[in-house]
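See structure below.
Each reported figure results from applying straightforward, stated rules to the coordinates on display, with no laboratory input. Quick caveat, the model's predicted, so the values are computed rather than measured. Cβ placement follows ideal geometry from the backbone for every residue including glycine, while neighbour counts extend to all protein chains displayed.
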């Protein structure tokens with residue numbers, strides 16, 4: 001069986017996340033996620049030397065809801081993951097899947113020229129294996 005070479009840029013999505021300010025409350029972040037029907041918020045850099053952050057709806061469930069914290073009193077920066085593991089658009093999806101497995105992650109931003117151009121997850125990679 002011949003391996004089908006598929007790059008991350010061929011399977012990434014550009015509509016499953018939104019950018020947000022880390023100072024936004026979790027309640028505002030939930031509204032943004034609900035409005036755009038997404039599960040990931042990319043937290044903007046504060047300056048050029050900074051890194052992006054990430055808040056997933058699962059993070060909100062674990063860090064706010066499960067701990068009985070008020071979404072109106074917690075800021076996104078308090079629960080974000082930062083720095084992020086990111087991948088390059090020309091990476092082979094096989095290596096991307098191996099990276100995800102080694103690091104126990106299930107999605108990552110795709111970065112080109114220091115800017116996020118998309119997101120890739122296991123679903124994107126698996127679906128790319130059949131036509």
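Observations on the model:
- Relative contact order for the chain: 30 percent, from Cα pairs under 8 Å spaced at least 6 residues apart, divided by residue count.
- Cβ-Cβ FRET estimate between residue 98 and residue 32, R0 fixed at 35 Å, reported to 0.05: 0.60
- Potential lengthening between residue 44 and residue 112 on full extension [0.36 nm per residue; Cα-Cα distance subtracted]: 22.9 nm
- The calculated Kirkwood hydrodynamic radius for region 47-98 is 13.2 Å, given to one decimal from all distinct C-alpha pairs.
- Helix axis angle, 26-36 relative to the chain longest principal axis, alpha carbon, degrees: 50 degrees
- Stretchable slack from residue 128 to residue 9, in nm (0.36 nm times residue separation minus alpha-carbon distance): 41.7 nm
- With respect to the chain, whose longest principal axis is taken over its alpha-carbon atoms, helix 93-103 is tilted by about 40°.
- On the basis of the beta-carbon distance and an R0 of 35 Å, residue 90 and residue 62 show a calculated FRET efficiency of 0.55.
- Spatial separation of Cα centroids for region 1-79 and region 113-130, in angstrom: 16 Å
- In the chain, helical runs assigned H by DSSP with n ≥ 4 each contribute -39500 (n - 2.57); averaged across all residues and rounded to the nearest 500, the mean residue ellipticity at 222 nm is -7500 deg cm²/dmol.
- Cα gyration tensor, the chain - rounded (a/c under 1.5), prolate or oblate: prolate
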